[in-house]
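Asker: This is the structure I have questions about; it appears just below.
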Amino acid sequence: MNEDPANDRVVNEILPPPMNNLAHNKLFPKKGIPDWKLLKEHLTQEGKLDKEDILEIIELFKQTVKNESNIVKVQDPVSIVGDIHGQFYDLLKIFEYGGNPEKTTYLFLGDYVDRGLFSIECVLLLMALKLNYKSTINMLRGNHECRQLTSFFNFKQECEVKYDLEVYDRFMEAFDALPLA
């Protein structure tokens, strides 16, 4: 349960974000595979992660997609998802309607970041899902997964405010490795 140490919440029915970052041993119960359900729950409550854990997820993801072809082949049935643009809570709704990621093949068409306020959360959840379900979670690179647009819109700034520029640079490196078609 999240606590309100200052006891100053105007709306007490809505819990405050978790006070502590998600512990590494809980996020990674098995080496190299993040617990995506726990991550989803933590991010839904607007919790944060340690920078080292974010960098580990990004690096594991980058190595995974680097080993894939630049052209992804998917078989139907498949749920196709376009432009999320940092709308984390919409992404959660997509999973409700599109199907459980454990049992559904997904093709994400890119544009995960910019415009919305939760781009980091969107990308981290999708990366964690890809690490858990390599053959059924497919992600393409959209036009917003580049340095020019993320600098012009708000992803770079979001990374600076929530973490730092190293996190941003590592996300960019991972985006460079995404398949194109």
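Asker: Looking only at residues that are under 8 Å from D114 (Cβ atoms) and among the aromatic types (F, W, Y) in the stretch 149-163, which one is most open to solvent (accessible area, probe 1.4 Å)?
Answerer: Filtering the stretch 149-163 for residues that are under 8 Å from D114 (Cβ atoms) and among the aromatic types (F, W, Y), the one most open to solvent (accessible area, probe 1.4 Å) comes out as F153.
Asker: Can you name every one of the helices (runs of 4 or more DSSP H) wholly within the stretch 68-163 that holds 1 or more residues which are over 19 Å from I58 (Cα atoms) and charged (D, E, K, R)? Give the derivation first.
Answerer: Details: elements: 88-98, 119-132, 147-152, 155-162.
The helices (runs of 4 or more DSSP H) meeting that bar are 88-98.
Asker: If we keep just the residues of the stretch 28-43 that are out of contact with any helix residue (DSSP H, G or I) (no Cβ under 7 Å at 6 or more places or on another chain) and either farther than 12 Å from L125 by Cβ or touching a residue at least 12 places away in the same chain (Cβ under 8 Å) (or both), which is surrounded by the most Cβ atoms within 10 Å (Cβ to Cβ)?
Answerer: H42
Asker: Check E145 against each of (1) closer than 26 Å to L27 by Cα; (2) surrounded by 13 or more Cβ atoms within 10 Å (Cβ to Cβ); (3) touching a residue at least 60 places away in the same chain (Cβ under 8 Å) and name the one condition it does not meet.
Answerer: (3)
Asker: I'd like the residue in the stretch 50-68 that is more than 16 Å from M172 (Cα to Cα) and open to solvent by 80 Å² or more (accessible area, probe 1.4 Å) and, out of all such residues, is modelled with the lowest pLDDT.
Answerer: N67
Asker: Any residue that is under 14 Å from L129 (Cβ atoms) and either open to solvent by 100 Å² or more (accessible area, probe 1.4 Å) or within 15 Å of the chain's Cα centre (by Cα) (or both) - is there at least one of those in the stretch 69-87?
Answerer: Within the stretch 69-87, the first condition is being under 14 Å from L129 (Cβ atoms), and the residues that meet it are 79, 81, 84.
Right, trim to either open to solvent by 100 Å² or more (accessible area, probe 1.4 Å) or within 15 Å of the chain's Cα centre (by Cα) (or both) and you get 81, 84.
Within the stretch 69-87, one or more residues are under 14 Å from L129 (Cβ atoms) and either open to solvent by 100 Å² or more (accessible area, probe 1.4 Å) or within 15 Å of the chain's Cα centre (by Cα) (or both).
Asker: Is it true that some residue in the stretch 36-45 is part of a loop (DSSP other than H, G, I, E, B) and either at pLDDT 95 or above or over 28 Å from L140 (Cβ atoms) (or both)?
Answerer: yes
Asker: Out of all the residues in the stretch 1-27, which are closer than 25 Å to I94 by Cα, in a loop (DSSP other than H, G, I, E, B) and open to solvent by less than 80 Å² (accessible area, probe 1.4 Å)?
Answerer: Passing the criteria: P16, P17, P18, L22.
Asker: Given the options R147, R170, name the one that is charged (D, E, K, R) and under 16 Å from the mean Cα position of the chain (by Cα). Even if it seems obvious, please write down each step before you answer.
Answerer: Details: R147 fails: under 16 Å from the mean Cα position of the chain (by Cα).
Going through R147, R170 in turn, just one is charged (D, E, K, R) and under 16 Å from the mean Cα position of the chain (by Cα): R170.
Asker: Another question, if that's okay. Within the stretch 128-146, can one find any residue that is out of contact with any strand residue (DSSP E or B) (no Cβ under 9 Å at 6 or more places or on another chain), within 19 Å of L49 (Cβ to Cβ) and not charged (D, E, K, R)?
Answerer: no
Asker: Here's a follow-up. Considering the stretch 171-181 alone, what residues qualify as being in a helix (DSSP H, G or I), surrounded by fewer than 20 Cβ atoms within 10 Å (Cβ to Cβ) and touching a helix residue (DSSP H, G or I) at 6+ places or on another chain (Cβ under 8 Å)? Can you show your working first?
Answerer: Filtering the stretch 171-181 down to residues in a helix (DSSP H, G or I) leaves 171-176.
Filter once more, keeping what is surrounded by fewer than 20 Cβ atoms within 10 Å (Cβ to Cβ): 172-173, 176.
Scanning the stretch 171-181 gives M172, E173.
Asker: Somewhere in the stretch 93-106, is a residue within 24 Å of D76 (Cβ to Cβ), of a type in the set (K, R) and open to solvent by less than 30 Å² (accessible area, probe 1.4 Å)?
Answerer: no
The values are calculated or read from the model by the stated rules, or taken from the named source; none is laboratory data. As the structure is a computational prediction, the values presented were derived from the model and not from experiment. Ideal geometry is used to build each Cβ from the backbone, glycine not excepted, and the neighbour counts take in all protein chains shown. Each accessible area value is taken on the protein alone, full model and side chains, heavy atoms only, with ligands, DNA and RNA left out. Shrake-Rupley method; radii C 1.70, N 1.55, O 1.52, S 1.80 Å.
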